[in-house]
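Q: Structure below; questions to follow.
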Amino acid sequence: MAQAVRQSSNTSNVLCVVMGGGQGTRLFPLTRERSKPAVPLAGKYRLVDVPISNCINSGYKRVYILTQFNSASLHRHLAQSYKFDHFTAGFVEILAAEQTHGDQSWYQGTADAVRKNLIHFLNPGNDFEYLLILSGDQLYRMDYSEMVAQHAQSGADITIATIPMPRDQASSLGIMQIDGDRRIHRFVEKPKEADVLDSLRLERNWYPQLGIEDGRELFLASMGIYVFNSKLIKSLLDNKKTDFGKHIIPEAIKTHRVFSHVFQGYWEDIGTIRSFFEANLDLVAELPRFNFFDMTAPIFTRPRFLPGSKINGAAIDHAIVSDGCIINRSNISHTIIGLRSFVGEGSRLHRVIAMGSDFYETDGSILDYESKGIPRIGIGRNCRIENAIIDKSARIGDNVIISPAGKPENTDHPIYYIRDGIVIIPRNGIVPHNTVI
């Protein structure tokens, strides 16, 4: 047992794979021109920065990112963000979906994506004992080495990260049933029936040994984070099954030693516009549930070398203001201001995620646009914006009002979208002067 613990602490025996290829339809229109892991987060990060940073902070520096859909923005971000020195054996490497002579199809699911890249993972130069598979669109902070250590100690073939969830959330997640040794004996995807949920309820007398202090009725939900023994992964994928959660894991539970690693911290699956919006706005709280200020395990991203933001008499309450912004005399509350944002005088922003811009406009280009009646990049003068997401490099004119009040929960319009009751101005969108949305 002690030998297993020592082996699990050896960071060179773990290969990490981040899934980054899905279309992210539930996050549309944020995913109209980018993949889901490339969606901006907290003003200056991307969603993919979270699992990569967790890998680095866990001591794991061999990371593959599997990409497929709208991946140019993600590729550019990864190339500009993660560069280890010549004396480090680690890497953050992109593996884009590729057609081969033997297979002309693209990724059909998470398991299919890993299967099609086994030729790269099992390369003799990639000697590893455990394969750690991660999602590219979740917000959480985890030391993966603890999960790998438990995996080794228990003699597991597969270990699945799980999180205790109350009944009202369990029906939308994959729920695991374990025994007293944390071995998983049953898995049900999104159980709806009350009697099925009752049968999956976590035994309360196990709470102390699992470290659970919450006294509510709880269920163990899969986080979509898996550790596989390297000797096993090839045989598990020697079929045409496409997804880990739907196909591979339920079958493996019947034939292999599959265990649960119970995670106790904050975790949010950024799967919908509403969950994305609320997870971001929670960051402006005085005590947010996810702490970007924890420097024991920082979240890394691209260094941009921008100037400090310039605030010209604005009133700012519970907000995050990223680097390189110019904010004139305005009123900003419960809002995230992204990189290189411009906010005009007299504007009022409440519960807004403004993602900023990828570049600064020159004075000449601003004058050229204004001569054509097109606003500059940013938010103009005397605007009123609430419950909205302003995507990158959008142009919001003067005297614009943006609010979902009195509108349908979901709608499409030539200049805006509404999803889950939140107005979204798409990337590079233009909202003319004096527009009321």
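Q: Pick from the stretch 53-85 the residues that are part of a strand (DSSP E or B) and not hydrophobic (A, V, I, L, M, F, W, C): which of them is surrounded by the most Cβ atoms within 10 Å (Cβ to Cβ)? Talk me through it step by step, then tell me what you get.
A: First, the residues of the stretch 53-85 that are part of a strand (DSSP E or B): 62-67.
Still in the list and also not hydrophobic (A, V, I, L, M, F, W, C): 62, 64, 67.
Values: 62: 21, 64: 22, 67: 27.
Among those that are part of a strand (DSSP E or B) and not hydrophobic (A, V, I, L, M, F, W, C), it is 67.
Q: Right, residue 293: in contact (Cβ under 8 Å) with a residue 12 or more places away in the chain and either hydroxyl-bearing (Ser, Thr, Tyr) or assigned to a loop (DSSP other than H, G, I, E, B) (or both) or not? Outline the logic, then answer.
A: Values: in contact (Cβ under 8 Å) with a residue 12 or more places away in the chain: no; either hydroxyl-bearing (Ser, Thr, Tyr) or assigned to a loop (DSSP other than H, G, I, E, B) (or both): yes.
Considered against the rule, which asks whether it is in contact (Cβ under 8 Å) with a residue 12 or more places away in the chain and either hydroxyl-bearing (Ser, Thr, Tyr) or assigned to a loop (DSSP other than H, G, I, E, B) (or both), residue 293 comes out as no.
Q: Which is modelled with pLDDT of 95 or more and polar (S, T, N, Q), of 333, 371, 365? It would help to see each step written out before you state the result.
A: Working: 371 fails: modelled with pLDDT of 95 or more; 365 fails: modelled with pLDDT of 95 or more.
Unique residue meeting the criteria: 333.
Q: Hey, can you tell me all the residues within the stretch 193-246 that are among the small types (Gly, Ala, Ser) and either at pLDDT 90 or above or in contact with a strand residue (DSSP E or B) (Cβ under 6 Å, 6 or more places away or on another chain) (or both)?
A: Pass one, the stretch 193-246, residues among the small types (Gly, Ala, Ser): 194, 199, 211, 215, 221-222, 224, 230, 235, 245.
Listed by number, the residues that qualify are 194, 199, 221, 222, 224, 230, 235, 245.
Q: Right, next: Among the residues of the stretch 15-52, what is the count of those that are more than 20 Å from residue 274 (Cβ to Cβ) and not in a loop (DSSP other than H, G, I, E, B)?
A: Looking only at that region, the number is 9.
Q: Same structure, new question: Quick check on my filter: what residues within the stretch 411-423 are crowded, with 20+ Cβ neighbours inside 10 Å and either assigned to a loop (DSSP other than H, G, I, E, B) or out of contact with any helix residue (DSSP H, G or I) (no Cβ under 7 Å at 6 or more places or on another chain) (or both)? Walk me through how you get there before you give the answer.
A: Applying the first criterion (crowded, with 20+ Cβ neighbours inside 10 Å) to the stretch 411-423 yields 416-419, 422-423.
Those that are crowded, with 20+ Cβ neighbours inside 10 Å and either assigned to a loop (DSSP other than H, G, I, E, B) or out of contact with any helix residue (DSSP H, G or I) (no Cβ under 7 Å at 6 or more places or on another chain) (or both): 416, 417, 418, 423.
Q: Also, quick follow-up: Given the structure, is residue 402 within 17 Å of residue 40 (Cβ to Cβ), touching a Phe, Trp or Tyr at 6+ places or on another chain (Cβ under 9 Å) and buried (at least 19 other Cβ atoms within 10 Å of the Cβ)?
A: Numbers: within 17 Å of residue 40 (Cβ to Cβ): no; touching a Phe, Trp or Tyr at 6+ places or on another chain (Cβ under 9 Å): yes; buried (at least 19 other Cβ atoms within 10 Å of the Cβ): yes.
Answer is no for this residue.
Q: Could you identify the single residue in 327, 253 that is under 29 Å from residue 26 (Cβ atoms) and surrounded by 18 or more Cβ atoms within 10 Å (Cβ to Cβ)?
A: Numbers: 327 fails: under 29 Å from residue 26 (Cβ atoms).
Unique residue meeting the criteria: 253.
Q: Among the residues of the stretch 129-150, which ones are of a type in the set (Asp, Glu) and not in a helix (DSSP H, G or I)? Before the answer, list the steps.
A: At the first step, the residues of the stretch 129-150 found to be of a type in the set (Asp, Glu) are 129, 137, 143, 146.
Within the stretch 129-150, 129, 137, 143 meet the criteria.
Okay, residues lined up against (1) in contact with a His (Cβ under 9 Å, 6 or more places away or on another chain); (2) in a strand (DSSP E or B); (3) not aliphatic (A, V, I, L, M):
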residue	(1), (2), (3)
367	no, no, no
370	no, no, yes
375	yes, no, yes
381	no, no, yes
386	yes, yes, yes
392	no, no, yes
399	yes, no, yes
405	no, no, no
409	no, no, yes
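Q: Going by the structure shown, is residue 115 surrounded by 14 or more Cβ atoms within 10 Å (Cβ to Cβ), more than 30 Å from residue 282 (Cβ to Cβ) and modelled with pLDDT of 80 or more? Please lay out each step first, then the result.
A: Working: surrounded by 14 or more Cβ atoms within 10 Å (Cβ to Cβ): yes; more than 30 Å from residue 282 (Cβ to Cβ): yes; modelled with pLDDT of 80 or more: yes.
Yes, satisfied.
Q: What's the number of the condition residue 256 fails, among (1) within 18 Å of the chain's Cα centre (by Cα); (2) modelled with pLDDT of 95 or more?
A: For residue 256, the exception is condition (1).
Q: Hey, can you tell me all the residues within the stretch 182-203 that are under 22 Å from residue 151 (Cβ atoms) and without any contact (Cβ under 8 Å) to a residue 40 or more places away in the chain? Before you say what the answer is, go through the steps one by one.
A: The first filter runs over the stretch 182-203 and keeps only residues under 22 Å from residue 151 (Cβ atoms), leaving 182-187, 202.
Across the stretch 182-203, the qualifying residue is only 202.
Q: For the stretch 349-363, what are the residues that are more than 26 Å from the chain's Cα centre (by Cα) and either closer than 23 Å to residue 276 by Cβ or in a helix (DSSP H, G or I) (or both)? Outline the logic, then answer.
A: Looking only at the stretch 349-363, we keep the residues that are more than 26 Å from the chain's Cα centre (by Cα), and these are 360-363.
Selection gives 363 alone.
The values are calculated or read from the model by the stated rules, or taken from the named source; none is laboratory data. Keep in mind the model is a prediction, meaning the values are calculated, not measured. Here Cβ is always computed from backbone atoms with ideal geometry, including for glycine, and neighbour counts include all displayed protein chains.
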